[in-house]
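Input: a single structure, listed below in structure tokens.
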Amino acid sequence: MKDRKQKKRSPKREKVYIYGQHALIEALESAPHTIKKVFLSPGLRNQKLLAKLEYHRIPVHTMSEDEGKERVGRDAVHQGVIAAMDPEKLMISLDEFFARTDLAKNPAVAILGEVQDPHNVGAIIRSAAAFGLAGVLIPEHNQAPVTGTVVKTSAGMAFRIPLVAIGNVNQALEVLKKRGFWTYGLSMEGSAAVGGDAYDAPTAFIVGNEGAGIREKTLDHCDVKLAIPMHPRTESLNAAVSAAVVFYDWSRKHPEFLA
């Protein structure tokens with residue numbers, strides 16, 4: 001008797017929902033290809049939303065009040081609008097990012113280095129968009145992926161700023177350096193203080209793990225180890241807060257990206 005090979009089951013993918021009329025309009029304007037189908041309460045009268053759904057040919061299903069609560073929770077104010085989305089379709093390749101980006105303008109990017117909390121990932125994406133960064137680079141391994149929580153925490157900015165898939169942080173740093181990027185690792189033990197750099201080249205900021213920080217090998221790849229001066233009574237800042245401080249400092253030197 002021949003042995004039967006057992007098929008490996010692919011990991012169950014999280015069902016990702018966004019909800020609310022404004023959130024869905026934002027998604028349809030910035031990234032309609034990520035929306036798989038939409039559930040609407042009977043009698044919805046938002047003509048702008050309905051027109052965009054028709055224009056993009058998004059499948060629409062009628063839902064009951066109980067069905068809406070089952071999908072996004074009883075406390076969520078979904079306004080009669082829930083959309084199923086594919087977060088993987090938000091990601092672009094590094095090559096595609098370079099094709100879209102004018103490096104002569106000295107843009108900045110954020111690189112996530114094993115950030116585990118999806119709330120931190122979403123907050124970093126939101127801050128990167130708020131302060132004019134050109135993209136957020138997200139590795140495939142040992143890193144919280146883009147999920148519904150990430151999208152929600154980003155306050156819609158996950159649809160507006162390029163999210164770039166990279167296989168390995170160190171390899172990505174090598175590629176960025178060849179393209180003229182100056183690399184900064186956020187580190188409590190950094191020898192350079194935030195506020196002292198002009199950021200007069202394309203810039204990459206690496207944000208490390210919430211507990212362990214940036215891997216030592218990755219720090220060795222960085223041109224600058226960047227620290228945030230703090231009162232001695234405070235040991236450290238949250239990863240997302242640290243990122244926001246550094247992104248703001250960069251944006252002060254590059255107000256043209258806030259226009």
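Hey, does the range 62-81 have a residue that's under 21 Å from the mean Cα position of the chain (by Cα) and without any contact (Cβ under 8 Å) to a residue 12 or more places away in the chain?
The answer is no, given that none of the residues of the range 62-81 is under 21 Å from the mean Cα position of the chain (by Cα) and without any contact (Cβ under 8 Å) to a residue 12 or more places away in the chain.
Does Arg252 satisfy the criteria of being part of a helix (DSSP H, G or I), surrounded by fewer than 18 Cβ atoms within 10 Å (Cβ to Cβ) and out of contact with any helix residue (DSSP H, G or I) (no Cβ under 9 Å at 6 or more places or on another chain)?
Here the answer is yes, as Arg252 does meet what is asked.
Across the range 162-188, what is the total count of residues that are part of a helix (DSSP H, G or I) and touching a Ser or Thr at 6+ places or on another chain (Cβ under 8 Å)?
Looking only at that region, the number is 5.
Ser93 is checked against (1) touching a strand residue (DSSP E or B) at 6+ places or on another chain (Cβ under 7 Å); (2) surrounded by fewer than 18 Cβ atoms within 10 Å (Cβ to Cβ); (3) over 20 Å from Arg179 (Cα atoms); (4) not acidic (Asp, Glu) and fails just one. What number does that condition carry?
Every condition holds for Ser93 apart from (3).
Residue pairs, Cβ under 7 Å, 6 or more apart or interchain, first in the range 198-217 and within 13 Å of Leu186 (Cα to Cα), second of a type in the set (Asp, Glu) and surrounded by 11 or more Cβ atoms within 10 Å (Cβ to Cβ). List them.
If the second residue must be of a type in the set (Asp, Glu) and surrounded by 11 or more Cβ atoms within 10 Å (Cβ to Cβ), the pairs left are Gly208/Glu114; Asn209/Glu114; Glu210/Asp117.
Read-outs: derived from the displayed coordinates by stated rules, not from any lab. Predicted model only: the values in this text are computed from it and were never measured. For neighbour counting, all protein chains shown are included, and Cβ atoms are generated from backbone atoms with ideal geometry for every residue, glycine included.
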